[in-house]
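Structure first, commentary second.
The values are calculated or read from the model by the stated rules, or taken from the named source; none is laboratory data. On a predicted model such as this, the values are computed, not experimentally measured, just so you know. Don't worry about glycine lacking a Cβ; one is built from the backbone with ideal geometry, like all the others, and counts go over all protein chains shown.
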Amino acid sequence: MAGRYAPSPTGELHIGNLRTALVAWLLAKSTGRECRLRFEDLDRERVDAAGNLAASQAQDLASLGLIFDGPALYQHTRLAAYEQAARKLEGRLYECFCTRKEIAEAASAPHGSYRPYPGTCRNLTEEQKREKRKTRPAAWRARAEGVSFTVHDRWAGDFTGQVDDFVVRRGDGTWAYNFASVVDDMYQGVDQVCRGEDLLDSAPRQAWLTELLGGKTPEYAHVPLVTNCAGERLSKRDGAVSMGDLRALGMSDHDVLNLLAESLGLPQNEGVEALIERFDPLKKPSGYMYQRMSTM
Ligand code: GLU
């Protein structure tokens, strides 16, 4: 049994990411699980443009005392496993030649944040596919037949969402997040997925895919995001938000852990090991509004 933390090494971890990592780790440990680390580094262009931050992210996590079980998994080393998993879905995948723009134009008005794929390429004839292949390389989509899927979130309760025909492999050959993440959760023995609340919407499609691949759907636990004083999601513009920024302000690693512990209603001046016992896995972590600290 294991939980996990799965950052993308495309930006420095900020205080919100670190807080989610701490919750994921404490939740896993306080429910008798190991906690694994995985770097979601498939988008090489973005990873390289950011200067590949996996090592510095691992260091920031370790400086808070977050030591993960087993070696970190790097998704770029897993391409053969994705090929193999995709083969299991063969009858379910179809080629899609749409550009983002075409999809936006063809889609009906979004229902909330949900904008299902309009199905343009769902039933192309062989002839049509042959023609379209000349224009651009195809992405692969999963044929979900509009099913609804219900997941269980430890704190939000049952959550039902419609599964869209999501992308499994992009036109440039990059394996897509939803697919790779599910294949790797299964590979890493993950039965508890704890992450930011912004990904709750993805849970039904990921759980559906897990079942399709013969796995058991995990328990989910989505953590409210840290916001700035305007109630918006935290970003670089909000002053000192990364470990490096906070160190530059004279904060020690210990101070940062205290800040995170306080934001979670946990006692200060204790190491993460001691916090395991203090953490209540039944209680949903509160949201947290981060007071701007100037980097000047
Ligand atoms: N890699 C994703 C991110 O950094 C998280 C994915 C997940 O936890 O499922 O936002």
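Filtered by the rule that a residue be at negative phi and surrounded by fewer than 18 Cβ atoms within 10 Å (Cβ to Cβ), the stretch 220-233 gives LEU225, THR227, CYS229, ALA230, GLU232, ARG233.
Residue pairs whose Cβ atoms lie under 8 Å apart, sitting 6 or more positions apart in sequence or on different chains, and linking a residue in the stretch 180-207 that is over 17 Å from ALA2 (Cα atoms) and of a type in the set (D, E, K, R) to a partner that is assigned to a helix (DSSP H, G or I) and more than 8 Å from the ligand (Cβ to nearest atom), are ARG205/ASN178. Can you say whether GLY11 is touching a Ser or Thr at 6+ places or on another chain (Cβ under 9 Å), within 13 Å of the ligand (Cβ to nearest atom), more than 22 Å from ARG233 (Cβ to Cβ) and not in a helix (DSSP H, G or I), as far as the supplied structure shows? Answer is no for this residue. Of the numbered criteria (1) in a helix (DSSP H, G or I); (2) closer than 24 Å to ARG205 by Cα; (3) within 19 Å of the chain's Cα centre (by Cα); (4) acidic (Asp, Glu), the one GLU83 fails is (3).
Taking the conditions (1) surrounded by fewer than 21 Cβ atoms within 10 Å (Cβ to Cβ); (2) within 15 Å of the ligand (Cβ to nearest atom) in turn, LYS236 satisfies each one other than (2). THR160: within 19 Å of the chain's Cα centre (by Cα), in contact (Cβ under 8 Å) with a residue 24 or more places away in the chain, surrounded by fewer than 11 Cβ atoms within 10 Å (Cβ to Cβ) and closer than 27 Å to GLY215 by Cβ, yes or no? Criteria met by THR160. Taken over the stretch 108-135, residues that are exposed (fewer than 12 other Cβ atoms within 10 Å of the Cβ), under 24 Å from ARG87 (Cβ atoms) and modelled with pLDDT under 95 amount to 0.
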